Amino acid sequence: MSLMDLFRKKPSSGNNAKSRLQLALVADRTGCSPEIMEKIKNDIITVLSKYVEIDTEGLDINITQTQSENGQGNVPALYANIPIKELRRHE
Amino acid sequence: MGEVIVVTSGKGGVGKTTTTANVGTGLAKLDKKVALIDTDIGLRNLDVVMGLENRIVYNLVDVVEGNCTIKKALIKDKRYPNLYLMPSAQTRDKSAVTPEQMKQLCEQLKKEFDYVIMDCPAGIEQGFKNAIAGADRALVVTTPEVSAVRDADRIIGLLEASEMARTDLIVNRLRSDMVNRGDMMSSSDVVDILAIDLIGVVPDDENIVIATNNGEPLVGDNSLAGQAYMNICRRIIGEEVPFLDLNPKKGFFSRLFGR
């Protein structure tokens, strides 16, 4: 261990556990593997890129649990936060 | 009419049996009439945790198969006037009992007891299905570890699918020192992930090991775990109880040196 390591803050393992679990459980609950999520994400990017310029770095697409509208407990929902850099102008 | 509560977790070794023993004993201390049922057929454990292993004559399978009455298979815990244990069979397997038979047994027991607490085996197979069949509500036990929480999530899904009326979470074996330095998920992290109601947080306490060694549940004593379990019992009977501060009191010297 170098001297600098003493001062560098390690990411806490508790937070790491939480975020890993959240990802694993999304896959468990929906039966949707991370691979398929990646494909969905790429397809969405392809489609949207026809019309707008997307910030692919800031892109966040997830399947989460949400309260169903008729109050029948939790249902999976696709959540997407897609920052747009610029609208492409169509002549 | 009493209430049947199943204590379940998915993963093994997270404290289902300890929780069953302490919640059951605690409810008896609160003057409720309680029956504890060990549904882990083939891996009998609740009897030793309760310190009643030397008094077994009949067991759950004997009752279900009609070899004895329910009353005969219930061991009376002499330390408490209204606490009983129905042990599991050691030489049989899960298939000796069906969910339908368990349902009928629960219906019978509910007439006699205020609370019937079922200690569920680990896993999601037949033993689990047997244990939840007659239950009115569930206590899901987990520890703040990725493996246990993931299994708890699976169990919660299965309980929802079987239309369990109420499911509450117990976070067991929390180490506040590790949570404070960020090396363990906190109980609120676990609640965030599992999204069900929290009914108790039990600290990792060596007194649990000692109590289990002696076959005497520690619920209601002065230890942190003993207090945490008693609070769970009070919440089960509907009292509003604030959550314990699990940070152990610091002594003068450790405060002086900031440790």
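The values are calculated or read from the model by the stated rules, or taken from the named source; none is laboratory data. Quick caveat: nothing in here was measured; it's all calculated off a predicted structure. So basically every Cβ, Gly included, is an ideal-geometry build from the backbone, and we count neighbours across all protein chains shown. These area figures cover heavy atoms from the full protein model, side chains too; ligands, DNA and RNA do not enter into them. Shrake-Rupley method; radii C 1.70, N 1.55, O 1.52, S 1.80 Å.
Among the residues of the stretch B:120-153, those that are assigned to a loop (DSSP other than H, G, I, E, B) and within 11 Å of another protein chain (Cβ to nearest Cβ) comprise B:Pro144, B:Glu145.
Quick one: which of B:Ile117, B:Ile156 is assigned to a strand (DSSP E or B) and β-branched (Val, Ile, Thr)?
Numbers: B:Ile156 fails: assigned to a strand (DSSP E or B).
From the options B:Ile117, B:Ile156, the qualifying one is B:Ile117.
Restrict the check to the stretch B:191-198 and report whether at least one residue is at the interface with chain A (Cβ under 9 Å from one of its Cβ atoms), open to solvent by 20 Å² or more (accessible area, probe 1.4 Å) and closer than 23 Å to A:Val75 by Cα. Yes, the conditions are met somewhere in the stretch B:191-198.
Considering the stretch B:162-187 alone, what residues qualify as being open to solvent by 70 Å² or more (accessible area, probe 1.4 Å) and more than 16 Å from B:Cys120 (Cβ to Cβ)? Before the answer, list the steps.
Residues of the stretch B:162-187 that are open to solvent by 70 Å² or more (accessible area, probe 1.4 Å), as a first pass: B:163, B:165-166, B:173, B:175, B:177, B:180-181.
Residues satisfying the conditions are B:Glu163, B:Ala165, B:Arg173, B:Arg175, B:Asp177, B:Asn180, B:Arg181.
In summary, B:Ile5 fulfils each of the numbered conditions (1) of a type outside the set (D, E, K, R); (2) outside any loop (DSSP other than H, G, I, E, B); (3) buried (at least 24 other Cβ atoms within 10 Å of the Cβ); (4) out of contact with any Phe, Trp or Tyr (no Cβ under 6 Å at 6 or more places or on another chain) with the single exception of condition (3).
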